[in-house]
Amino acid sequence: MKVAIGSDHAGVTMKSEIVPVLDELFIDWEDFGTKDEESVDYPDFGEKVSDAVSRGQADRGILICGTGIGMSIVANKVPGIRAALCQEDYSAKMSRLHNDANILVLPGRIIDKEKAKEIVKTWFTTDFEGGRHQRRLDKIKEIEEKQK
Ligand code: RB5
């Protein structure tokens with residue numbers, strides 16, 4: 001599995017804290033920036049990661065900003081993206097089981113690094129359940145098509 005990761009300045013520390021979890025899970029990752037705490041605009045990095053996932057250059061993505069809200073808004077504008085903002089383990093698990101989320105969004109200024117690592121581990125080790133949930137995802141796809 002290949003994962004695209006990105007953050008703004010408010011998520012850059014958390015990004016460096018969670019990549020060891022990806023390494024532990026033998027997940028291949030690419031950092032799309034930003035690289036330091038100099039102020040940047042989250043849409044620039046949210047778009048890069050979402051675009052990579054949408055085009056199949058990455059299987060999944062991780063985005064981090066201060067609250068996770070800005071990155072969620074950006075990512076869910078990109079066709080085929082199902083981005084889930086998770087602050088605890090239960091949402092991380094359900095976003096995979098029921099929503100087949102393909103981008104995990106984390107709030108760098110809200111949760112601590114241990115919580116973030118737990119969420120990442122759960123998110124990458126939980127599979128989509130399919131069944132009735134696939135029907136719901138198909139409906140989301142239909143909405144996307146209608147808006148074109
Ligand atoms: C940056 O200050 C902050 O606005 C951003 O990281 C994010 O929280 C936006 O939703």
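Laboratory data are not the source of any read-out in this text; all were calculated from the coordinates shown. Just so you know, these numbers come straight off a predicted model, no measurement behind them. Don't worry about glycine lacking a Cβ; one is built from the backbone with ideal geometry, like all the others, and counts go over all protein chains shown.
Per-structure values
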| item | result |
| --- | --- |
| Convex hull volume per residue for region 12-102, taking Cα atoms only, in Å³ | 100 |
| Full-stretch length increase - residue 2, residue 132 - with 0.36 nm per residue and alpha-carbon distance subtracted | 44.1 nm |
| Net charge of Cβ neighbours under 11 Å - reference residue 52; Lys, Arg +1; Asp, Glu -1 | 0 |
| Relative intensity, log₁₀ I(q)/I(0), of region 62-114 from a Debye sum that treats every alpha carbon as a point, q = 0.14, 0.15 Å⁻¹ | -0.31, -0.36 |
| Rg/Rh for region 49-148, where both radii come from Cα atoms and Rh is the Kirkwood radius | 0.97 |
| Where trypsin sites (Lys or Arg not before Pro) fall in DSSP loop in region 74-127, at most 14 other Cβ within 10 Å | 77, 109 |
| Estimated vicinal HN-Hα couplings, Hz - region 92-106 in sequence order (Karplus 6.51, -1.76, 1.60; Gly, Pro = x) | 4, 5, 5, 5, 8, 4, 9, 9, 6, 4, 10, 10, 9, 10, 10 |
| Positive-end residue, the chain charge dipole about Cα centroid, Cβ charges, pick of 79, 56, 143 | 143 |
| In sequence order, calculated HN-Hα J values of region 72-78 (Karplus, 6.51, -1.76, 1.60; Hz; x Gly/Pro) | 5, 4, 4, 4, 6, 7, 8 |
| Approximate spin-label separation residue 36-residue 73, in nm, with each point projected 7 Å along Cα-to-Cβ | 2.8 |
| Cα-centre dipole for the chain with unit charges at Cβ (Lys and Arg positive, Asp and Glu negative), debye to 20 | 720 |
